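The values are calculated or read from the model by the stated rules, or taken from the named source; none is laboratory data. Since this is a predicted model, take the numbers as computed values, not measurements. Cβ: placed from backbone, ideal geometry, glycine included. Neighbour counts: every protein chain shown.
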Amino acid sequence: MNIAFIIQDYNYHGGGQVTANLAEQLQSLGHSIDIIAIQCNEGDVKSRPKVFSNVLDLHASGLFSSVFKLTKIFRDSRYDVIICIGGYSNLSVSLAKFLSRSSTPVIGSENFATSVLIGDYPKVFLRLSLPLFRFAYTKLNGLIFVSDKLRLEFLKKNSWHPSRCVRIYNPIRSPEKKPKENVKSKVDVLVLTSDSEAFGMVLVEGLAAGLQVVSTDSFSGPAEVLGDGRYGFLAEVNDVNSIASSMKAAIDSPISQKIIHEGASRFSIDSIVKKYLEFITIVIASDGNLDDSI
């Protein structure tokens with residue numbers, strides 16, 4: 001298949017790393033992959049993940065420029081499917097698809113706990129643009145969420161068909177059988193105290209490194225990543241005593257390396273890419289947008 005990943009800015013942040021890993025793995029399986037960076041800047045280029053470098057830079061300066069340049073891509077499209085990374089990409093690509101009247105399937109992704117369509121985004125401009133987001137999303141053919149909780153929260157507030165909205169976790173490189181032997185530092189416990197995390201990639205990376213992991217039980221991903229406490233320790237949000245107690249438990253009663261490896265294995269690149277390909281195949285084979293069942 002010819003697949004394009006479209007991302008707002010392709011640098012060494014979580015979304016960029018995930019996109020690079022997916023692109024590299026899909027390419028290794030024989031698929032033709034491009035990454036399209038919408039709002040590329042010099043800093044992005046310097047800090048890009050090194051594992052995948054086949055990138056088209058649009059250098060779009062704002063939403064109107066983004067949609068205009070993406071419309072050209074749709075009109076000349078050779079892609080079997082386009083996958084958007086994040087809300088801004090979902091918006092820009094969907095509007096470009098609408099204006100170009102393209103039939104190319106587009107799969108969006110939601111990977112922020114404070115998404116516009118949950119209605120809790122702190123930026124006033126994005127809250128006011130909710131109607132535009134709602135319209136644009138109706139042009140998507142599928143939507144990927146990075147946690148079950150995020151998916152369910154979206155479905156509560158939007159009338160999309162559940163079969164078009166799937167949960168697929170972010171991937172990591174397959175962990176080694178004895179991952180902690182590869183950790184150069186003497187760190188034993190990783191602690192995350194966020195008040196919101198759509199997924200929590202650093203938690204998965206901690207598990208893959210064989211560390212004891214402590215996280216606040218924030219919306220929406222940490223509890224899922226840590227298996228509701230099987231693979232790590234969960235503390236109350238904004239509760240110092242609870243966090244300290246969980247850290248003490250991680251030191252005094254550590255989880256076995258076997259269990260930690262089990263937890264990390266759920267996010268292996270092989271299994272995650274398999275789920276991507278399964279969903280892509282279903283979406284391509286079916287007509288309709290987010291309102292329709294598959």
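Among the residues of region 212-241, those that are touching a strand residue (DSSP E or B) at 6+ places or on another chain (Cβ under 8 Å) and closer than 18 Å to Asn170 by Cβ comprise Val213, Ser215, Ser218, Phe219, Ser220, Gly221, Pro222, Ala223, Val225, Leu226, Tyr231, Gly232.
Take the residues of region 248-294 that are among the aliphatic types (A, V, I, L, M) and part of a loop (DSSP other than H, G, I, E, B): which is nearest to Ser103 (Cα to Cα)? Break it down into steps so the answer makes sense when it comes.
The first filter runs over region 248-294 and keeps only residues among the aliphatic types (A, V, I, L, M), leaving 249-251, 255, 259-260, 264, 269, 272-273, 277, 280, 282-285, 290, 294.
Those left that are additionally part of a loop (DSSP other than H, G, I, E, B): 255, 290, 294.
Details: Ile255: 50, Leu290: 14, Ile294: 17 Å.
Per the criteria, the residue is Leu290.
Consider Ser94 carefully, then state whether it is over 14 Å from Ile35 (Cα atoms) and of a type in the set (Ser, Thr, Tyr). Give the derivation first.
Working: over 14 Å from Ile35 (Cα atoms): yes; of a type in the set (Ser, Thr, Tyr): yes.
Yes, satisfied.
Filtered by the rule that a residue be surrounded by fewer than 20 Cβ atoms within 10 Å (Cβ to Cβ) and either basic (Lys, Arg) or part of a strand (DSSP E or B) (or both), region 193-233 gives Ser196, Arg230.
Based on this model, can you work out whether Ala113 counts as closer than 25 Å to Gly14 by Cα, small (Gly, Ala, Ser) and under 21 Å from the mean Cα position of the chain (by Cα)? Can you show your working first?
Values: closer than 25 Å to Gly14 by Cα: yes; small (Gly, Ala, Ser): yes; under 21 Å from the mean Cα position of the chain (by Cα): yes.
Judged against the criteria, Ala113 is a match.
Checking each residue in region 57-97 for being of a type in the set (A, V, I, L, M, F, W, C) and more than 24 Å from the chain's Cα centre (by Cα) picks out Phe64, Phe68.
If you go through region 234-244 one residue at a time, how many are part of a helix (DSSP H, G or I), loosely packed, with under 15 Cβ neighbours inside 10 Å and not hydrophobic (A, V, I, L, M, F, W, C)?
Keep residues of region 234-244 that are part of a helix (DSSP H, G or I), which gives 240-244.
From what's left, loosely packed, with under 15 Cβ neighbours inside 10 Å: 240-241, 244.
Subsequent filtering for residues that are not hydrophobic (A, V, I, L, M, F, W, C) retains 241.
Adding up the residues that qualify gives 1.
Hey, among the residues in region 111-137 that are aliphatic (A, V, I, L, M) and in contact with a Ser or Thr (Cβ under 8 Å, 6 or more places away or on another chain), which one's modelled with the lowest pLDDT? The selected residue is Ala113.
Under the condition of being out of contact with any strand residue (DSSP E or B) (no Cβ under 9 Å at 6 or more places or on another chain) and not charged (D, E, K, R), which residue from region 42-59 is modelled with the lowest pLDDT?
Step one: list which residues in region 42-59 are out of contact with any strand residue (DSSP E or B) (no Cβ under 9 Å at 6 or more places or on another chain), which gives 42-43, 46-47, 49-51.
Retained after the next criterion (residues that are not charged (D, E, K, R)): 43, 47, 49, 51.
Details: Gly43: 74, Ser47: 82, Pro49: 82, Val51: 80.
This residue is Gly43.
Helices (runs of 4 or more DSSP H) fully within region 15-122 that include at least 2 residues being at negative phi and crowded, with 19+ Cβ neighbours inside 10 Å: 63-75, 87-100.
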